[in-house]
Amino acid sequence: MNKSKLGLPIGTTLDRFIKRKEEEFSYATGELSQLLRDIALAGKIINKEVNKSGLLDITGGVGGKNVQGEDQQKLDVVANIRFTRALKNGGMTCAIVSEENRKIIHLNPNCRYVAAIDPLDGSSNIDVNVSIGTIFSIYKRISPVGSRVREEDILQKGTEQVAAGYILYGSSTMLVYTTGRGTHGFTLEPSLGEFVLSHDSITCPENGKIYSINEGNFYKFDPWVREYIEECKQNQLSARYIGSLVADFHRNMMKGGIYLYPNTEKDPNGKLRLLYECNALGFIAEQSGGLATDGHQRIMTIQPETLHQRTPLYLGSAKMVEKAVSLIPATL
């Protein structure tokens, strides 16, 4: 039987894998492990919702906007409810910050962990059956357990993450996560209803042949970005852009590539959210051998100032990211 680097067979359930990882930490109490299980449970529920979305009236917009001013999709609301409920019922989370909520969601003050989450990334693609995903990031609170969560518990650098991951709802449903000891992928086995180990200790190629960017904004990008895109074309790299951050990142991590979401005149601070998108994927990228930067500094070293802070993002294969940012003028 094919064995993982931990000595566990490929096909090991997520629960068993988490248990084995927990045994590696002498100080583990089981709370983080249960929190990861809660997220996996919510992911299974959302998977079922996504799979039947063409049969039920749960696609399209709800007529409102989220805190970012973006049109809310029905499945955005559904996913937000499901994850909030799962984390609340699991009892291991003291607070949640979500893309769909303006303020902190306060849960059990006696818990040690805070969750930052994008419940359904790329949900506008659900109507046309394109891959979408969930992104999550977990931090240990700073304030005393038992007290009300403060913003300082949420506004932590990505380097303080204790775990991060994503769930990709595509041709198969995958949960990929890290706790700082490599990146591991689990595929949902529908007949069992279990996530099983399918991609152990994922390694992102240091170079690749794919670049992912919305070229419709080409003339809105800074000159150095346009120069990099032109170099990609001259070197006959493949342009691949789904419009679902999770799906684009997952493909590039597995095959080798770079994902770029620069700032523009319209969005001078970038558009992706630092806390629950960029930090999580930055952690995963680094744990698989890749890089993540805003163009000037490592994504995970940026000090967040607001819950829904935005940032430019360049992540993926290390050499590709290094090449892209090497073109940035010193005056920028």
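The values are calculated or read from the model by the stated rules, or taken from the named source; none is laboratory data. What you see is a predicted model; the values in this text were computed from it and never measured. Positions of Cβ are backbone-derived with ideal geometry, glycine not excepted, and every protein chain shown enters the neighbour counts. We work out accessible area using only protein heavy atoms, side chains counted, and drop any ligands, DNA or RNA first. Shrake-Rupley method; radii C 1.70, N 1.55, O 1.52, S 1.80 Å.
For the subset of region 212-240 comprising residues that are charged (D, E, K, R) and in a loop (DSSP other than H, G, I, E, B), which member is most open to solvent (accessible area, probe 1.4 Å)? Give the derivation first.
Taking region 212-240 as the starting set, the residues that turn out to be charged (D, E, K, R) are 215, 220, 222, 226-227, 230-231, 233, 240.
Still in the running and in a loop (DSSP other than H, G, I, E, B): 222, 240.
On the way: 222: 44, 240: 118 Å².
Residue satisfying both the conditions and the ranking: 240.
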_Yes or no: region 248-259 includes at least one residue that is at negative phi and exposed (fewer than 15 other Cβ atoms within 10 Å of the Cβ)._
no
*Based on what the data block shows, is residue 286 among the acidic types (Asp, Glu), exposed (fewer than 15 other Cβ atoms within 10 Å of the Cβ), in contact (Cβ under 8 Å) with a residue 12 or more places away in the chain and farther than 19 Å from residue 122 by Cβ?*
no
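Of all residues in region 285-308, which are closer than 26 Å to residue 150 by Cα and not in a strand (DSSP E or B)? Show your work before the answer.
The first filter runs over region 285-308 and keeps only residues closer than 26 Å to residue 150 by Cα, leaving 298-308.
The answer is 299, 300, 301, 302, 303, 304, 305, 306, 307, 308.
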*Scan of region 306-332 for residues that are at pLDDT 95 or above, open to solvent by 60 Å² or more (accessible area, probe 1.4 Å) and over 19 Å from residue 118 (Cβ atoms), ordered by number*: 319, 322, 323, 326
_touching a helix residue (DSSP H, G or I) at 6+ places or on another chain (Cβ under 9 Å), among the acidic types (Asp, Glu) and either open to solvent by 40 Å² or more (accessible area, probe 1.4 Å) or part of a strand (DSSP E or B) (or both): is that true of residue 152 in this structure?_
no
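Only one of 187, 134, 159 is modelled with pLDDT of 95 or more, open to solvent by 10 Å² or more (accessible area, probe 1.4 Å), of a type in the set (Ser, Thr, Tyr) and within 20 Å of residue 46 (Cα to Cα). Can you tell me which?
Working: 134 fails: open to solvent by 10 Å² or more (accessible area, probe 1.4 Å); 159 fails: within 20 Å of residue 46 (Cα to Cα).
Answer to the check: 187.
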_Need the failing condition index for residue 292 against (1) without any contact (Cβ under 8 Å) to a residue 60 or more places away in the chain; (2) open to solvent by less than 20 Å² (accessible area, probe 1.4 Å); (3) of a type outside the set (Phe, Trp, Tyr); (4) out of contact with any strand residue (DSSP E or B) (no Cβ under 8 Å at 6 or more places or on another chain), just the number._
(4)
